[in-house]
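Below: the structure, in structure tokens.
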Amino acid sequence: MPRSHRRRPERPREDSLDRLIAGWKRTEMRGGVEWYVQPLTAAQAQKEYTCPGCSGLVLPGTAHLVVWRADGVLGDAADLAGRRHWHNGCWKRN
């Protein structure tokens, strides 16, 4: 059977803000502040980060949490820019 040479319609590309906001996440209250908490699997963890809870490294290939304010006054983009990567245990102890 011959191959079709028709172009497929291009899917719109989402930027990282849209992908993170649309991804699986939950909200938590800590110290009277609402936070978005999004877990990352070890396979999704591609870069090295510094955990604000212990100042230790969150190494690539380590499952962890991405956390950012859910109720900031500067808007979603500013809150997302201020996101931090936490070890799971450090966030629980926080």
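Observations on the structure shown:
- Cys90 passes every criterion in (1) exposed (fewer than 13 other Cβ atoms within 10 Å of the Cβ); (2) outside any strand (DSSP E or B) apart from (1).
- Scanning the range 20-44 for residues that are within 14 Å of the chain's Cα centre (by Cα) and not in a loop (DSSP other than H, G, I, E, B) yields a total of 11.
- Checking each residue in the range 70-94 for being touching a residue at least 24 places away in the same chain (Cβ under 8 Å) and among the hydrophobic types (A, V, I, L, M, F, W, C) picks out Ala70, Ala77, Leu80, Trp86, Cys90, Trp91.
- Residues of the range 51-76 that are out of contact with any strand residue (DSSP E or B) (no Cβ under 6 Å at 6 or more places or on another chain), modelled with pLDDT of 95 or more and β-branched (Val, Ile, Thr): Thr62 alone.
- Restricting attention to the range 45-58, the residues that are surrounded by 13 or more Cβ atoms within 10 Å (Cβ to Cβ) and part of a loop (DSSP other than H, G, I, E, B) add up to 5.
The values are calculated or read from the model by the stated rules, or taken from the named source; none is laboratory data. As the structure is a prediction and not an experimental result, all values here were calculated from the model. In this analysis, Cβ positions are derived from the backbone assuming ideal geometry, glycine residues included, and neighbour counts consider all displayed protein chains.
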